[in-house]
Structure formats: structure tokens, C-alpha cells
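The values are calculated or read from the model by the stated rules, or taken from the named source; none is laboratory data. The structure displayed is predicted, hence computed values, not measured ones. Cβ sites come from the backbone with ideal geometry, for glycine too, and all protein chains shown count toward neighbours. Accessible surface areas use protein heavy atoms only, side chains included; no ligands, DNA or RNA. Shrake-Rupley method; radii C 1.70, N 1.55, O 1.52, S 1.80 Å.
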Amino acid sequence: MRRLAQDPLFAFAIVAACLFWVAPRVEPAATARRSEAPRTADSASDKASLDEELLLHEAFRLGLDRRDPIVRRRLVQLMRALGEATPTPTDAELRAYLTAHPERFRREERLELEQVFVRDGPEAEARFATIQGQLAAGALPAAAGLGDPHPLGSVLRSVTQAQLRARLGGELATAAFGQATGVWGAPVRGLHGTHLVRVRSRTPGQLPDLTAIRAEVLGALLAERRREGLRSFVVRLRARSGLF
């Protein structure tokens, strides 16, 4: 609102809105006032104020508030901002909003995975048998150079099931999130070959405390209130105007 108050078109918007609603009632009086002799300016600031008033008066006389598309858009933007204006929610209101909409802010379970990848080919099955034996004997995939290079690398950190599904395929994502931590699973088909996967660690899905996601909750609640405020504002204007 402070930015709106500093905007030179803010006063233009308010005056235009007032004229729109009360012009039929005040036109005779306004015409009488316009016919009066102009006031005298006693100082430079008074002169600047009078000049601004004259320019604004001329803009209305020319109908710029009704005909100029740029002015119209700006006035609509300013009135929309007025309709959306809402006080900053308190922490109690944020906490209540978080409690009412936990699904919007819940964090999904995440895994850190290690993988060995083998491209499709006639020797893929035999290669997997050899690799599984080496892993069972305690070989480290990176040090032993097991498998083929993969664009995502040998370690995937902090991935959700949806992310893993998009990157490596649904079958592998389902298998990885269903297997135990710390053990190599069975070979699973991916998008471009076959993978052996070990879950290194898990971060359980949870609903964070308000202190950790306050900005996110604040943004969501403000956006919702602004939408509701604008909708109510337009409904009131429509009812008062009798035009729609």
C-alpha cells in the first residue's frame, strides 16, 4: 500500500473511481466550480499544486480515463491492488492455516541411492551375474568400475519417488522405495537399461513446523486472501453499479 500511495496515478485512480460513481449527482456542482475564477498561487508549491490540478482536470475533460487503453489498464491494476489489499496474517492465523491444509506443505519421503547401471545388450544378463557376485563380496561400485556410466551418475541424493519415476522409470522408483536400506536389490528395468540399486539413507515424509516453512505458508495464505478479497470487491462493485 505504501508503494501505491507513492504512485502518481494512485490519486488518479481514486478520483476516477469517485467520478464514476458520483458524476451524475455532482456534475452541476462540478460545472459551477469549473466556471469559477482560478485560485491564485501564493508560492511555488501552491503553483505546482494548481498546475497538477489543472492537468488532472484537463485529462478528465478529454476522457483519457475512459479512452486511453494504457490509462485504463493502469487504473484497473490499481483498483485490483486495492481489492486485493489484506493485512499481514498473525502467527496464530498461519498456524491455523497450516493445520487446515497439511497436504499443501507436507514433505515427501526422500532417498539417497547408489546405482550400478548396465546398458541393454546380449551380454547384459551375464554381466549382471558377475556384478552381483562382486557386490556380494564387498566390492565398491565406483572403485571397481562396475557397470556402465549413467548420465545421472552413480549416486542420486535426496530424490522423491516422483523425481525418481521421471528420471529412471516407474518400475525402478517403486522398487527402490519399497526395498530395505543398505542392501542391493534385484536388477530392475529403467528407461534405458537395467539397474542395481542400494538405498543409502531415507528422509521420512513429514509436515514441517511452522518456523521452518513460515514464508511458504505466509505466501499461500496471502495469495488465497487476495483472491477472495478481489472477488468480494468486484461483487460489491457490481451490485452497487447496477450495470451487470
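Just a few scattered comments:
- When the residues of the range 227-240 are filtered to those that are free of Cβ contacts under 8 Å to residues at least 24 places away in the same chain and over 24 Å from the mean Cα position of the chain (by Cα), the one that is least open to solvent (accessible area, probe 1.4 Å) is LEU237.
- From the options ALA176, ALA144, ALA166, ALA139, residue that is closer than 29 Å to ARG107 by Cβ and open to solvent by less than 60 Å² (accessible area, probe 1.4 Å): ALA176
- Looking across the range 195-226 at every residue that is open to solvent by 70 Å² or more (accessible area, probe 1.4 Å) and touching a residue at least 60 places away in the same chain (Cβ under 8 Å), the one that is nearest to GLY83 (Cα to Cα) is identified as ARG226.
- If only residues of the range 147-189 that are basic (Lys, Arg) and in a strand (DSSP E or B) are counted, the one that is farthest from ALA136 (Cα to Cα) is ARG157.
- Annotation: of all residues in the range 118-131 being part of a loop (DSSP other than H, G, I, E, B) and under 30 Å from GLN161 (Cβ atoms), the one that is most open to solvent (accessible area, probe 1.4 Å) is ASP120.
- Every residue from the range 82-117 that is touching a Leu at 6+ places or on another chain (Cβ under 6 Å) and either over 17 Å from LEU221 (Cα atoms) or part of a strand (DSSP E or B) (or both): LEU113, VAL116
- Listed conditions (1) part of a strand (DSSP E or B); (2) of a type outside the set (Lys, Arg); (3) within 29 Å of the chain's Cα centre (by Cα) are all met by HIS195, apart from (3).
- Tally of residues being surrounded by fewer than 15 Cβ atoms within 10 Å (Cβ to Cβ), within 30 Å of GLN163 (Cα to Cα) and acidic (Asp, Glu) across the range 67-116: 3
- VAL183, sole failed condition from (1) surrounded by 11 or more Cβ atoms within 10 Å (Cβ to Cβ); (2) touching a strand residue (DSSP E or B) at 6+ places or on another chain (Cβ under 7 Å): (1)
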